[in-house]
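Chemist: Just passing along the structure, written as structure tokens.
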Amino acid sequence: MPSSPSDRPTEPRRVTVQRKGPLLMEGPVEVELEDGSVVSSDRFRVALCTCRRSRRYPWCDTSHRDRA
């Protein structure tokens, strides 16, 4: 179901960009993937993977971290 402008929150969502990490976004969120499928989270904050190494993509599982 397409959303209309009246369905959108009145306050903007905050996204935090980190140099070597995920995008942190205030939730809840819905993420549309390349294949058109939609995944959602009702958590108050989510970490979105930007490196595509996550086994839980699009959610970050810290696979981007350098291992010692």
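The values are calculated or read from the model by the stated rules, or taken from the named source; none is laboratory data. A quick note: this is a predicted structure, and the numbers were derived from the prediction, not measured. Because the Cβ atoms are built from the backbone with ideal geometry, glycine has one as well, and the counts that use them run over all protein chains shown. These area figures cover heavy atoms from the full protein model, side chains too; ligands, DNA and RNA do not enter into them. Shrake-Rupley method; radii C 1.70, N 1.55, O 1.52, S 1.80 Å.
Chemist: If you check Arg8 against the conditions, is it modelled with pLDDT under 85 and open to solvent by 40 Å² or more (accessible area, probe 1.4 Å)?
Modeler: yes
Chemist: Sticking with this one: Please go through region 15-35 and pick out each residue that is open to solvent by less than 50 Å² (accessible area, probe 1.4 Å), touching an Asp or Glu at 6+ places or on another chain (Cβ under 9 Å) and in a strand (DSSP E or B). Walk me through how you get there before you give the answer.
Modeler: Residues of region 15-35 open to solvent by less than 50 Å² (accessible area, probe 1.4 Å): 21-22, 24-25, 27, 29, 31, 33.
Now restrict to residues that are touching an Asp or Glu at 6+ places or on another chain (Cβ under 9 Å): 27, 29.
Result: Val29, single match.
Chemist: Are any residues in region 36-68 surrounded by 11 or more Cβ atoms within 10 Å (Cβ to Cβ), over 14 Å from Leu24 (Cα atoms) and of a type in the set (Val, Ile, Thr), and if so, which ones?
Modeler: Val39
Chemist: Between a first residue in region 39-65 that is over 14 Å from Leu23 (Cβ atoms) and at pLDDT 90 or above and a second residue that is open to solvent by 100 Å² or more (accessible area, probe 1.4 Å) and not in a loop (DSSP other than H, G, I, E, B), which pairs have beta carbons less than 8 Å apart while being 6 or more apart in sequence or on different chains?
Modeler: Val39/Glu30; Ser40/Glu30
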